[in-house]
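The values are calculated or read from the model by the stated rules, or taken from the named source; none is laboratory data. The shown structure was predicted, so the numbers you read here are calculated from the model rather than taken from an experiment. When we count neighbours, we look across all protein chains shown, and the Cβ atoms used for this are built from the backbone with ideal geometry, even at glycine. Please note that ligands, DNA and RNA were not included when accessible areas were found on the heavy atoms of the full protein model with its side chains. Shrake-Rupley method; radii C 1.70, N 1.55, O 1.52, S 1.80 Å.
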Amino acid sequence: MSCAGPGGGSNDVQWCFSQVKGAIDDDVAEADIISTVEFNQSGELLATGDKGGRVVIFQQEQESKNKPQCRGEYNVYSTFQSHEPEFDYLKSLEIEEKINKIRWLPQKNAAHFLLSTNDKTIKLWKISERDKRPEGYNLKEEDGRYVDPNTVTALRVPVFRPMDLMVEASPRRVFANAHTYHINSISVNSDCETYLSADDLRVNLWHLEITDRSFNIVDIKPANMEDLTEVITAAEFHPNQCNTFVYSSSKGTIRMCDMRAAALCDKHAKLFEEPEDPNNRSFFSEIISSISDVKFSHSGRYLMTRDYLSVKIWDLNMETRPVETYQVHEYLRSKLCSLYENDCIFDKFECCWNGNDSVVMTGSYNNFFRMFDRGYQQDVTLEASRENSKPRSVLKPRKVSTGGKRKKDEISVDSLDFNKKILHTAWHPLDNIIAVATTNNLYIFQEKLN
């Protein structure tokens, strides 16, 4: 597959296996299922959240001179419990600890900050390093016991001594009680001071320093809930226009709003919607047109949306139809009935851009994931599996046969495993390094360097 590298220019990228994190057992504990994956702005850190409410951060090792072919591997940097299970006594509802989204804040100093959210509560975490400790207190022993001031005969100046590196994660802010429904998105604004959070019916705007107040900027809740026809599925801020954000709906529309126009953005500035092809109309049309993810390109010119069967790229200057449409797994169109029965049709696949917006990636079933090269109109299907997990082994493109005679390397649609699905993927912002989450494992692949 020809992919433009993040630095620009075209070169044939061959993807090879780098690492896999997580247990090998076939018995998967529910708490270990990965629910979100996110690189920070430099790509040095990679965070995952899971259904058990934990956040695991991996750090990229510096490249070593004696192993130049091995670009920095990712190793565990910090693990912490971000959310605990709770119970809403007023509504008799259990609130899961599952991490729905993680978003990094742009780095301002030596420490790193990230936002993590479950269904109801968003937390701001500070991740910092300590490699020195003070010694030589006057009123305290080294083991922490306090000394009687009357016994002190001389004055000591405390000094810092080197110690083993400690990485500390501490919650700096807790943003709670602002969502009646489940939070599906958080997005940090380019002003680095505010962020938004979206649930099924509302979008709220927060200031990172203020926890007890948020502004409701979108509210689609009808006066009578029986009139409800759509819900908000995802929302994101524009990467460099701090007044602009988009939110997508279960009806397949994307609304772009301008916060300069009004405090409550109920009237959108733009509505992106593709007219339905009457030939493809079926009982499942509405379900499969629901948008599960929306992502601005790094340049801010394009918008990518993911629905059940396809990825669409929209130009912000053209609302009537997408400029590009990529079929992710069109062979499943004939299988929608059984996918409805086993609930897979409601799976929410995410999508991501590479560093220079020339390639997009999204997941599929059978632990397959897809890449679409926008400039060369080429696509490839790759697989995340332990079978080809030898270090630097090149990933072979996979093909799915849709009937007729099956070729030697092809896999039949009927033998796809729908329990193995890749919902969460992330692309390093500067390099051809990708992170792909299968159920409870995190695969890291990178471009093969000759």
At a 10 angstrom cut-off on C-beta neighbours, averaged per residue, how do the peptides 84-96, 112-124 rank from highest to lowest?
112-124, 84-96
Ellipsoid equivalent to segment 301-450 - semi-axes via the Cα gyration tensor, in Å
23, 22, 15
CD proxy, 222 nm, the chain: helix-only mean residue ellipticity via -39,500 (n - 2.57) per DSSP H run with n ≥ 4, per residue, nearest 500, stands at -500 deg cm²/dmol
Find the centroid of the Cα atoms in segment 312-386 and in segment 79-157, then give the distance between the two in whole Å.
39 Å
Keeping all protein chains in position, work out how much accessible area residue 273 exposes to a 1.4 Å probe, and write it in Å² to the nearest 10.
90 Å²
Carbon + sulfur, % of accessible area of segment 293-365 - ligands and nucleic acids excluded, 1.4 Å:
48 percent
Reference-scaled alpha-carbon Rg (2.2 N^0.38 Å with N residues) for the chain
1.07
Which links in 108/420; 123/335; 123/295; 251/421 stretch past 31 Å when you go from one Cα to the other?
108/420; 123/335
Out of 265, 337, 352, any idea which swings most in a Gaussian network model of the chain, alpha carbons joined below 10 Å?
337
For segment 275-354, go through all pairs of different Cα atoms, get the mean of 1/r, take its inverse, and jot down that Kirkwood value in Å.
13.5 Å
Can you tell me the dipole magnitude for segment 15-447 around its Cα centre, using point charges on the Cβ only (Lys, Arg +1; Asp, Glu -1), in Debye to the nearest 20?
1060 debye
Express the relative contact order of segment 112-211 as a whole percentage, based on alpha carbon pairs under 8 Å and six or more residues apart in sequence.
27 percent
If one computes the Cα centroid of segment 44-63 and of segment 399-450, what distance in Å separates the two points?
21 Å
Placing +1 on the Cβ of each Lys and Arg and -1 on the Cβ of each Asp and Glu in segment 135-284, which of 218, 279, 201 has its Cα farthest towards the positive end of the resulting dipole?
218
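What ratio of Cα Rg to 2.2 N^0.38 Å holds for segment 208-348?
1.14
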How much net charge surrounds residue 56 when only the other residues with a Cβ under 13 Å from the Cβ of residue 56 are counted, with Lys and Arg +1 and Asp and Glu -1?
0
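Mind checking the per residue accessible area of the chain for me, 1.4 Å probe, whole number of Å²?
I get 51 Å² per residue for the chain.
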Most fluctuating of 252, 363, 403 in the GNM of the chain (C-alpha, under 10 Å) is 403
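For segment 222-326, calculate the relative contact order in percent as a whole number, restricting contacts to Cα pairs under 8 Å that are 6 or more residues apart.
Relative contact order of segment 222-326: 22 percent.
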Mean separation of Cα pairs under 8 Å and 6+ residues apart, divided by the residue count of the chain: what relative contact order is that in percent?
15 percent
Given springs between every Cα pair under 10 Å in a Gaussian network model of the chain, which of 255, 173, 130 has the largest fluctuation?
130
